[in-house]
1. Counting only residues that are crowded, with 16+ Cβ neighbours inside 10 Å and modelled with pLDDT of 80 or more, give me the helices (runs of 4 or more DSSP H) lying completely in the chain with at least 2 of them.
2. Quick one: what pairs do we get from segment 9-21, first residue under 13 Å from Thr72 (Cβ atoms) and in contact (Cβ under 8 Å) with a residue 12 or more places away in the chain, second outside any strand (DSSP E or B) and basic (Lys, Arg), C-beta under 9 Å, 6+ apart or different chains?
3. Which of the residues that make up segment 24-58 are out of contact with any strand residue (DSSP E or B) (no Cβ under 8 Å at 6 or more places or on another chain) and under 14 Å from Ser73 (Cβ atoms)?
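The values are calculated or read from the model by the stated rules, or taken from the named source; none is laboratory data. Bear in mind the structure is a predicted one, so any value in this text is a computation, not a measurement. Backbone-built Cβ (ideal geometry, glycine too); neighbour counts: all protein chains shown.
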Amino acid sequence: MKRRTQEPWFAKKRDSWGIRPYAWQGWLVSLIFALFMVGLMVIMYLNTDDILQVELLTIIVILAFLITISLTSDDSIHKHAKKN
């Protein structure tokens, strides 16, 4: 996918597998994702009646995070994935 931002928000790690936040926007997105996940865990712990809805919301949040990473990451991530 082509990056949708001028500068990448996420970049490939230098020493290991995976990606990391590269710009402040990437750190902000990662923080918001972490807060959403903690909130969902609290909701799941406190309210076990609607567990299916919480699980569905968890999947949606994870997919949104992955799509955001894909659309705002350094192009070298996608080039590396195509080589393998």
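1. 24-46, 51-72
2. Trp9/Arg3; Ile19/Lys13
3. We begin by selecting, within segment 24-58, every residue out of contact with any strand residue (DSSP E or B) (no Cβ under 8 Å at 6 or more places or on another chain); these are 24-25, 28, 31-58.
Once the filter is applied, which keeps residues that are out of contact with any strand residue (DSSP E or B) (no Cβ under 8 Å at 6 or more places or on another chain) and under 14 Å from Ser73 (Cβ atoms), segment 24-58 yields only Gln25.
To keep it simple, each residue is scored yes or no on (1) of a type outside the set (Phe, Trp, Tyr); (2) in contact with a helix residue (DSSP H, G or I) (Cβ under 9 Å, 6 or more places away or on another chain).
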| site | (1), (2) |
| --- | --- |
| Pro8 | yes, yes |
| Arg14 | yes, no |
| Gly18 | yes, no |
| Trp24 | no, no |
| Ile32 | yes, yes |
| Phe36 | no, yes |
| Val42 | yes, no |
| Ile51 | yes, yes |
| Leu56 | yes, no |
